[in-house]
Amino acid sequence: MPLVRSIRALLSAGLRSPVTPVCLLYVALAIPFAMVNLDQDEFTFIREPYELLGGDYTAGYLAEGDPAAALRTAARAYFLYWNYRPLFSPIVAPEHQRMFAVEEEKFGYQKRESVDPRTPDAVAQYSKKLVVPEPDRLYSFGSGKPLLSAIASIPQLGVAQWLTQGGESLIEIQHRKNYHPIFIVVRWVQLLSGLVTLLLVYHVIRDEFGVDRAVWGSAVFALFPISLKFFPNLHHDSVMVPFAVLAVFAHAKAHRALTGVGLGLALAAKNAAIFLLPVLLLQSILRVVSDAKRESTDGRKRHAFVREAKGLVLAGGIALALLVPFANPISYAEEILTPISGREFDPRGEDVKKFMTATRLEARSESGLSAFRPEVVAVREVLYFDEVAFFFFALTLFGLLPRCSRDISRVSLVIVLLSVPFGLVFGHSLGYRSLLFVPFFAIACGDVLGPRALRWLCLLLAGISLLYVIDPVTTSDATYIVEDRTFLEVIGGWFR
């Protein structure tokens with residue numbers, strides 16, 4: 001059959017691809033991290049795909065044979081999350097607080113209280129609570145979470161639920177095992193997202209610098225410990241990153257529509273993708289300047305400018321159209337502008353004032369001692385000037401950036417440098433929020449590092465990754481350790 005022959009040809013080509021060993025290595029090293037039980041944040045995220053469709057309310061109506069009521073409930077729940085989920089500590093309007101009053105009475109809803117997972121009856125306490133949308137608890141949710149990532153997780157959570165029927169439930173496994181294969185199922189979309197990002201990095205470097213550099217550059221990405229640790233993780237960054245890479249690469253190639261698709265879906269996954277906007281604008285400015293230098297008449301120069309402006313408008317329109325189904329654009333804009341303008345928030349939740357740049361740059365003193373002036377604080381924070389990291393920042397800015405031989409690597413290095421102002425709001429640690437910068441770091445390495453340097457960097461990253469993979473649960477301070485066995489002891493127990 002033609003379809004079978006096509007599939008065979010595709011598989012054969014894939015097996016012969018130079019990047020295949022890198023992909024297999026990435027999957028092999030990432031799977032142990034995918035097997036770790038859910039961390040504190042993931043434990044809240046995992047309910048969200050079910051809740052935003054109405055949760056047990058919708059399921060209850062379906063069990064009663066009332067699909068119309070189920071559909072209405074799901075629609076109301078989706079609106080609630082679409083409107084408020086992009087905001088940190090949102091103030092929920094009174095009419096939305098009572099949105100599920102009928103269902104709360106009908107199905108016996110009781111307000112969920114915090115449960116200490118270390119208590120002996122934690123599983124029983126969780127099991128007796130309805131998993132439903134709770135308007136009065138949205139203040140406790142994190143910020144910047146449009147709904148694409150949650151929707152993408154629905155299939156894998158459905159499969160996990162089906163696989164655990166008749167045995168230990170997912171909540172029981174979470175509280176009894178440090179490692180279990182079911183968590184791979186819970187995270188397979190995120191794991192696949194990392195693999196897609198790896199392939200994108202490979203193709204970007206291959207198109208610009210050749211196959212050999214592409215293999216080693218993609219290996220830098222594959223062996224980077226936070227790639228292994230945070231792609232197989234329910235944090236929304238893992239879904240955002242491949243679309244971000246797609247947007248930047250497509251814009252470098254002047255594919256306007258594809259740029260809009262990548263940007264829109266990246267924004268729909270997490271609002272941290274907003275950092276791409278100045279980068280895309282910079283790409284366009286550089287392209288206009290380059291085109292203007294080649295054109296001999298003012299008319300042609302204006303045409304180059306108009307062409308680029310139209311391309312940006314097209315990409316922006318597509319991005320907005322793709323964002324709207326997953327987040328209220330007004331709520332989204334309010335959250336993005338919070339570090340600059342501030343806003344009202346529910347005082348029961350996180351104090352969003354601490355994320356404002358004015359707060360981060362505020363001069364402080366204790367016991368009558370001198371205090372930094374705000375402009376000095378700004379220099380220290382924005383330029384790493386209070387850390388030895390400034391040495392490396394300056395070397396990158398004035399040494400490596402001029403050595404970039406292609407626009408895509410130059411832009412990639414600029415994105416890596418944006419991690420400095422990014423850290424002003426989110427911190428400078430190499431955590432899940434830094435996942436956005438890893439593929440662009442790998443692309444830049446594929447250009448500015450020679451073949452020998454790339455190999456040495458891969459060797460260094462491989463050594464660190466092996467140190468991490470020995471026992472992934474102890475590479476984090478956000479995971480509950482519920483048994484004394486290490487990863488190697490768990491694996492060894494399976495073969496006894």
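Throughout, read-outs are computed from the coordinates displayed, never taken from laboratory work. Owing to the predicted nature of the structure, the values given are computational and were not obtained by experimental measurement. When we count neighbours, we look across all protein chains shown, and the Cβ atoms used for this are built from the backbone with ideal geometry, even at glycine.
Figures for the structure shown
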| item | result |
| --- | --- |
| q = 0.13 Å⁻¹: log10 I(q)/I(0) that the Debye formula gives for the chain, counting C-alpha atoms only | -1.43 |
| L320/E168 FRET efficiency (R0 45 Å; Cβ-Cβ; nearest 0.05) | 0.50 |
| 19 Å Cα-Cα reach of K229 towards lysines, excluding residues that sit fewer than 8 places from it in its own chain | K177, K270 |
| Pair R176, T20: separation of 7 Å Cα→Cβ label points (nm) | 4.1 |
| Coil-residue chymotrypsin sites (Phe, Trp or Tyr not before Pro) of segment 402-496, DSSP, other Cβ within 10 Å capped at 13 | F495 |
| Paramagnetic reach from T44 (point 7 Å along Cα→Cβ, amide N under 16 Å) across segment 87-104 | 87-92 |
| Separation in nanometres of the label points that stand 7 Å from Cα toward Cβ, at D407 and L383 | 3.0 |
| Chain lengthening between R137 and V376 when straightened (0.36 nm per residue, less Cα-Cα) | 82.1 nm |
| The chain: DSSP helices with Cα axial extent of at least 24 Å and average Kyte-Doolittle hydropathy no lower than -1.0 | 67-84, 188-209, 276-294, 298-323, 451-469 |
| Helix-only CD estimate at 222 nm, as mean residue ellipticity for the chain, using -39500 (n - 2.57) per DSSP H run (n ≥ 4) | -19000 deg cm²/dmol |
| Theoretical FRET efficiency, 1/(1+(r/R0)^6), r = Cβ-Cβ of W456 and E64, R0 60 Å, to 0.05 | 0.40 |
| Contact order relative to length of the chain, as percent, for alpha carbon pairs under 8 angstrom and 6 or more apart | 21 |
| Qualifying lysines (Cα of each under 24 Å from Cα of K293; at least 8 residues distant if same chain) | K253, K301, K310 |
| Over segment 170-313: Kirkwood hydrodynamic radius from C-alpha pairwise inverse distances, Å | 17.4 |
| Rg/Rg_ref, segment 399-446, where Rg_ref = 2.2 N^0.38 Å and atoms are Cα | 1.15 |
